[in-house]
Amino acid sequence: MTDPAVHSGSVTDRYADLPLPASSILRATAAGGTLRLVGIEASRIVEEARLRHHLSKTATAALGRALAASALLAVVLGKRTDARVSLRIEGGGPVGWIVAEGSADGRLRGYVRQPGADLPPRASDGKLDVSGIVGTDGEIAVTRLLANGEPYTGSVRLQSGEIAEDVSFYLGASEQIPNAVLLGVYEEGGRVAHAGGLIIQAMPGVSDETLGRLEANIRALGLLTDQLRAGGLLAALEAAAQGLDLQLATEAQPAHFSCRCSRGKALDSLKFFDANERQEMIEEGGQNVHCHWCGENYHLSPAEIAALDAEERRAQA
């Protein structure tokens, strides 16, 4: 990533010709570097997750918000360009747990315990009942790698089950980072039309005047999905930093749904079974291994399983 460049004029005008990937992470500063902004456009990623996991409409919204949040947290909390953050939300709602993993280099994956769980829209405003499907009797846990490579997990009680408020509370309570978090998924015609997220972090030296203007901007911004529908992620960033001299990095980080599973890893997982159990798999025509993260299925043939035992015998010889 390059440093944020200095420009004048509106962001949407200045970057009209910026070659943005279909899904991307954008970074920016504002108010003389006292505000840090990270946004993600994740429409295609969330749609792929919906298709891979056969998600209901409300489960799609819940996982989509979590996926966007995990990528943003990886940028905010990570110390390396390939830093990964995993997010686990369990609130006692019909969807069960939600797990999402995001990387600062744009790789995202995730799943929910009950992909078919759904609820009718809220009677109060007709919006998807994400809080209802997630629940509020539980916690949000965030796991990241420290500088020494050791995993660290911090957790806080769920505040609303809407996910954005819960991530914001986590950053403030566990990481001591003053922030604002916006997340949204908009579905239309049975598919994900718009999805994304935005984290704004207050940096040391930020003035009360800047914070006051930021709060007013966020109130006026409304729903993130409305901004994404109207003008995309750039418009959302500009609205959030209106009057605060937004400085956008001149390069975008491409983002995509990406799982770390493989046929080799699926085969390695059978090493945890003993030889008799693997022999049963061979006699039954092989073994299917399912990746919960991405929904991929691997059928391992009897010959592949038998090779594991041959390899084990060679190692012991």
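With respect to Arg52, determine if the residue is modelled with pLDDT under 90 and surrounded by 14 or more Cβ atoms within 10 Å (Cβ to Cβ). Considered against the rule, which asks whether it is modelled with pLDDT under 90 and surrounded by 14 or more Cβ atoms within 10 Å (Cβ to Cβ), Arg52 comes out as no. Considered as a group, the residues in segment 159-174 that are over 17 Å from the mean Cα position of the chain (by Cα) and not in a helix (DSSP H, G or I) include one that is modelled with the lowest pLDDT, and that residue is Ser174. Ile133: assigned to a helix (DSSP H, G or I) and over 17 Å from Ala195 (Cα atoms), yes or no? Yes, satisfied. Among the residues making up segment 240-253, a single one is under 22 Å from the mean Cα position of the chain (by Cα) and farther than 12 Å from Leu26 by Cα: Ala240.
Only one entry in Val95, Val142 is β-branched (Val, Ile, Thr), buried (at least 20 other Cβ atoms within 10 Å of the Cβ) and assigned to a loop (DSSP other than H, G, I, E, B), namely Val95.
Condition check ((1) more than 13 Å from the chain's Cα centre (by Cα); (2) in contact (Cβ under 8 Å) with a residue 60 or more places away in the chain; (3) not in a strand (DSSP E or B)) across all residues:
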| position | (1), (2), (3) |
| --- | --- |
| Gly33 | yes, yes, yes |
| Val38 | no, yes, no |
| Leu63 | no, no, yes |
| Leu73 | no, yes, yes |
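In segment 157-171, the residues that are hydroxyl-bearing (Ser, Thr, Tyr) form Cβ pairs under 6 Å with partners that are surrounded by fewer than 21 Cβ atoms within 10 Å (Cβ to Cβ), at six or more places apart or across chains, as follows: Ser168/Asn179; Tyr170/Val156. Taken residue by residue, segment 210-217 has no member that is touching a residue at least 60 places away in the same chain (Cβ under 8 Å), under 26 Å from Ile98 (Cα atoms), of a type outside the set (Phe, Trp, Tyr) and assigned by TED's automatic domain parsing to the domain that holds Ile98.
Which one of these is assigned to a helix (DSSP H, G or I), among the hydroxyl-bearing types (Ser, Thr, Tyr) and within 29 Å of Leu108 (Cβ to Cβ): Thr210, Thr225? Break it down into steps so the answer makes sense when it comes.
Working: Thr210 fails: within 29 Å of Leu108 (Cβ to Cβ).
Going through Thr210, Thr225 in turn, just one is assigned to a helix (DSSP H, G or I), among the hydroxyl-bearing types (Ser, Thr, Tyr) and within 29 Å of Leu108 (Cβ to Cβ): Thr225.
Under the condition of being more than 8 Å from Gly93 (Cα to Cα) and surrounded by fewer than 19 Cβ atoms within 10 Å (Cβ to Cβ), the residues counted in segment 123-136 number 5.
The values are calculated or read from the model by the stated rules, or taken from the named source; none is laboratory data. On a predicted model such as this, the values are computed, not experimentally measured, just so you know. Quick reminder, even Gly has a Cβ in these numbers, built from the backbone with ideal geometry, and neighbours come from all protein chains shown.
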